[in-house]
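Some notes on the structure that comes next.
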Protein chains: 2
Amino acid sequence: MSLDWNRRELMLAAGGLAITGLEFPLATYGQDPASQSLDPLGKDLIFRTTDPRNGEPELAQLVKSWITPVKHFYVRSHAPNPVIDIKQFRLTVEGKVRKPLTLDLNQLSQMPRQQVTATLTCAGNRRTEFNEESKVGGVQWEAGAIGNARWSGFALADVLHQAGVLEDAKHVWFEGLDQIQRPQGVIPFGGSIPIEKAMVGGEMPGALLVDQMNGSALTPDHGYPLRTVVPGYIGARSVKWLGKIVVSDQPSPNHYLATAYKIVKKTDPIDWTESGPIYRYPINGAIATPQPQARVPAGVVDVSGYVLPSGRPGSRVQRIQISTDGGSTWQPAKTTGQSSEFCWQLWKARVKVTPGTKALYLRATDTAGGFMPARVPWNAKGYLQNRWYRLPISVT
Amino acid sequence: MSLDWNRRELMLAAGGLAITGLEFPLATYGQDPASQSLDPLGKDLIFRTTDPRNGEPELAQLVKSWITPVKHFYVRSHAPNPVIDIKQFRLTVEGKVRKPLTLDLNQLSQMPRQQVTATLTCAGNRRTEFNEESKVGGVQWEAGAIGNARWSGFALADVLHQAGVLEDAKHVWFEGLDQIQRPQGVIPFGGSIPIEKAMVGGEMPGALLVDQMNGSALTPDHGYPLRTVVPGYIGARSVKWLGKIVVSDQPSPNHYLATAYKIVKKTDPIDWTESGPIYRYPINGAIATPQPQARVPAGVVDVSGYVLPSGRPGSRVQRIQISTDGGSTWQPAKTTGQSSEFCWQLWKARVKVTPGTKALYLRATDTAGGFMPARVPWNAKGYLQNRWYRLPISVT
């Protein structure tokens, strides 16, 4: 019996209703704080911090399936999971709209439901590799702060159409219901996306307001009862525990858009002002197997991993290559499993290694012109590390 | 008799007064439109476009001196040089200030005069190298859109202190007196810098309001009678023919900050919104001699060029290296001439070439962590090309 099934049972036992079509289409998961213990620390994820909860899976686990099980989906939070009473829950839509909205979950579920598969990745994925040059702050992610899930919910564009966006709207802010202790006081996690992205409708909306992940209600760790999912953008723009949407002519002033999640050399105010917010993620990838420092006999070795093409509409993986000689020569890897817009691509390769082989390297390109470079300039917050992935091995 | 001397004579003949200390400390250069013909097309610069005037020097000329003579200093304009009557000229300072200012040139010259040496470079320098992958628009610069000059003028910080900057000021806008034809109508060239940069005083102010270049009044091509010089930032932020300063809580809405001069893949509105303005320039460099495609005998060859460290306060060139084998091995170059913050570094090297040598490569690093990478992702406007510089040669 899978953990997913266990969770669903527990939801029902706790009084949660079915996933769609009933009075509260969003299950009650998470109302009981005890339900948070369903992700016991260290069982399915390696927690880099436990308060707030920030965990990533073992890479070998992570690449076992194209769709990442919820239990192996990285968790990135800035505060304890808020406990939300869905009977009280309201989503507000305000700012530069003709008709501000206050929607309970029933009203929201009147909107046409949409489902997309999309990869989320933290801007800090692979951050620890920057430490070789100079220690960077933030959650010490290795290469597991990434996951691919089926998201179900409602197109942001549909909600905005209902509210009636005014002519001078330029950005759409998201604000969470979490409470983050900052030196200046308590703030929610927040951010914004350009209005052009927000208004994208159709099969792959620019942003979704999501209540279900892989066919089940969101877990508290992933934003229950409602979160944003913005395909193609760094995870930070997919605000969890979504409570408020503001349409504005300015980018969000929230700390996590205006200051954090920027490429800066130092953390001076001038650096923050000079640097724009990160929205799209660049191409990235990692070797998931063998294990780092694995002892393998000389001969052929099987290698596998993931590559996420850059978060640009229509971008697909173009080339995935492995080097056993430090980047002088490269051999192609084979894609495996499914491929889809805004989704990672799993891959495998069989390469020959000799006692002289010290490491395996991965690089890749995408159809949007993105490539994993040999080296990435250090930045103080350790974002967007996407250099050739290096896996040290020991050949016997 | 040097051209500089000629120009000064002509200024005096045209009624221009001495450079400092008299009633109009800013010479009248440029009042006579005929004086623009002092830079005859194609003599000292290679003009990529003549209307507006956009020219760069031959690289071999460019690296002959640490201070670039005005006649060999690249010209980047978006409209015809405005003809400005300095008796009518006023600089206005408005927006989030306690006391808006309207300053004529006499009043401005009451401020303490400051002099700095700083390199300016166009964000589009080396743009043509992007064309190998896919043609990019804009002025087709090779590697000469860079120059180093002695600038004399007044610290922006002093002017802002006089106006009294309000608490919520975040950006300082500059607006030129030129008139650029755009699809939406006629606009001045403009841009802005963060308030933290604008308020830097001392020996190396964050920005200078400049009336003299290399000891003479600005030429019309370089912004007579007054321009901004922002050490460390791309040339576009050093607005020429400066007429207006606005202190604001927002970045400038001017096209050349809000839309142009951004790293975008396509020129969709969404790309522009997603991408922040470029302020600082990254490290860059070029091989100036020998000439491209030069036929040189096997043996040793003398190489020279420039490297500009990234535009971060205190950043200096750390390492300059040449490769004759496509980047497999590298040999050090020697710095020559002067070195100074926000200034380029000239260098030379003597390397061995064989008939197998197809090209010389340059790469460099700086003390701010910047490096010239092997490859730079293509962008639609062709900005910030700073990959290893490749000089093809033919060894006989």
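The values are calculated or read from the model by the stated rules, or taken from the named source; none is laboratory data. Note that this is a predicted model, so its numbers are computed, not measured. Ideal geometry is used to build each Cβ from the backbone, glycine not excepted, and the neighbour counts take in all protein chains shown.
For this structure, a couple of remarks:
- Of all residues in the stretch A:46-102 being touching a Ser or Thr at 6+ places or on another chain (Cβ under 7 Å) and of a type in the set (S, T, N, Q), the one that is surrounded by the most Cβ atoms within 10 Å (Cβ to Cβ): A:ASN54
- Among residues of the stretch B:251-269 being within 11 Å of chain A (Cβ to nearest Cβ) and assigned to a helix (DSSP H, G or I), the one that is nearest to the chain's Cα centre (by Cα) is B:ALA258.
- The set of residues in the stretch A:106-154 being within 14 Å of chain B (Cβ to nearest Cβ), charged (D, E, K, R) and part of a loop (DSSP other than H, G, I, E, B) consists of A:GLU133, A:LYS135.
- Unmet criterion (only one of (1) within 28 Å of A:GLY305 (Cβ to Cβ); (2) at pLDDT 95 or above; (3) over 17 Å from the mean Cα position of the chain (by Cα)) for A:GLY124: (3)
- Of all the listed residues (B:GLY137, B:GLY124), the sole one being surrounded by fewer than 19 Cβ atoms within 10 Å (Cβ to Cβ), of a type in the set (Gly, Ala, Ser), in contact (Cβ under 8 Å) with a residue 24 or more places away in the chain and closer than 30 Å to B:ALA374 by Cα is B:GLY137.
- Residue match in the stretch B:351-363 (condition: closer than 21 Å to B:PRO57 by Cβ and in contact with a strand residue (DSSP E or B) (Cβ under 6 Å, 6 or more places away or on another chain)): yes
- The set of residues in the stretch A:333-371 that are on the phi > 0 side of the Ramachandran plot, of a type outside the set (A, V, I, L, M, F, W, C) and more than 14 Å from every other protein chain (Cβ to nearest Cβ) contains only A:GLY337.
- Residues located in the stretch B:360-370, provided they are crowded, with 19+ Cβ neighbours inside 10 Å and in a strand (DSSP E or B): B:LEU360, B:TYR361, B:LEU362, B:ARG363, B:ALA364, B:ASP366
- Members of the stretch A:187-208 found to be in contact with a His (Cβ under 9 Å, 6 or more places away or on another chain) and part of a helix (DSSP H, G or I), listed by number: A:ILE195, A:ALA198
- Residue within the stretch A:286-297 that is in contact with a Cys (Cβ under 7 Å, 6 or more places away or on another chain) and touching a residue at least 40 places away in the same chain (Cβ under 8 Å) present: no
- Residue selection: B:ARG312 fails the criterion of being out of contact with any Lys or Arg (no Cβ under 8 Å at 6 or more places or on another chain), within 14 Å of chain A (Cβ to nearest Cβ) and within 23 Å of A:SER134 (Cα to Cα).
- Of all residues in the stretch A:275-290, none satisfies the criterion of being modelled with pLDDT under 95 and away from chain B (no Cβ under 13 Å).
- Only one of A:TRP330, A:TRP272 that is under 30 Å from A:GLY191 (Cα atoms), surrounded by fewer than 21 Cβ atoms within 10 Å (Cβ to Cβ), within 14 Å of chain B (Cβ to nearest Cβ) and touching a residue at least 12 places away in the same chain (Cβ under 8 Å): A:TRP272
- Any hit, the stretch A:203-216, residues being within 12 Å of another protein chain (Cβ to nearest Cβ) and under 18 Å from the mean Cα position of the chain (by Cα): yes
- Residue match in the stretch A:225-237 (condition: surrounded by fewer than 22 Cβ atoms within 10 Å (Cβ to Cβ), more than 16 Å from the chain's Cα centre (by Cα) and more than 14 Å from chain B (Cβ to nearest Cβ)): no
- Flag for B:GLY164 being closer than 24 Å to B:LYS96 by Cα, crowded, with 24+ Cβ neighbours inside 10 Å and in contact with a strand residue (DSSP E or B) (Cβ under 7 Å, 6 or more places away or on another chain): no
- For the stretch A:312-344, filtering for residues that are outside any loop (DSSP other than H, G, I, E, B) and within 26 Å of B:ILE263 (Cα to Cα) leaves 4.
- Checklist (1) within 20 Å of B:CYS122 (Cβ to Cβ); (2) in contact with a Ser or Thr (Cβ under 8 Å, 6 or more places away or on another chain); (3) in a strand (DSSP E or B) applied to B:ASP302, failing item: (1)
- From the list B:THR128, B:THR119, the lone residue that is outside the structural domain of B:ARG387 (by TED's automatic domain parsing), within 19 Å of B:PRO377 (Cβ to Cβ) and not aliphatic (A, V, I, L, M) is B:THR128.
- Condition met for B:ASP211 (assigned to a loop (DSSP other than H, G, I, E, B), touching a Ser or Thr at 6+ places or on another chain (Cβ under 8 Å) and over 23 Å from A:SER275 (Cβ atoms)): no
- The one condition in (1) buried (at least 20 other Cβ atoms within 10 Å of the Cβ); (2) more than 19 Å from the chain's Cα centre (by Cα); (3) in a loop (DSSP other than H, G, I, E, B) that A:PRO292 fails to fulfil: (1)
- Test: B:ARG76 is closer than 30 Å to B:THR336 by Cα and modelled with pLDDT under 95: no
- Counted residues, the stretch B:372-396 - those being modelled with pLDDT under 95 and away from chain A (no Cβ under 14 Å): 1
- The residue pairs whose first member lies in the stretch A:172-200 and is in contact (Cβ under 8 Å) with a residue 60 or more places away in the chain, whose second member is among the acidic types (Asp, Glu) and outside any strand (DSSP E or B), and whose beta carbons are closer than 6 Å, counting only pairs six or more residues apart or on different chains, are A:PRO188/A:ASP178; A:PHE189/A:ASP178; A:PRO194/B:GLU274.
- Test: residue in the stretch B:241-250 that is out of contact with any Gly (no Cβ under 8 Å at 6 or more places or on another chain), within 30 Å of B:ILE67 (Cα to Cα) and either within 9 Å of another protein chain (Cβ to nearest Cβ) or not in a strand (DSSP E or B) (or both): no
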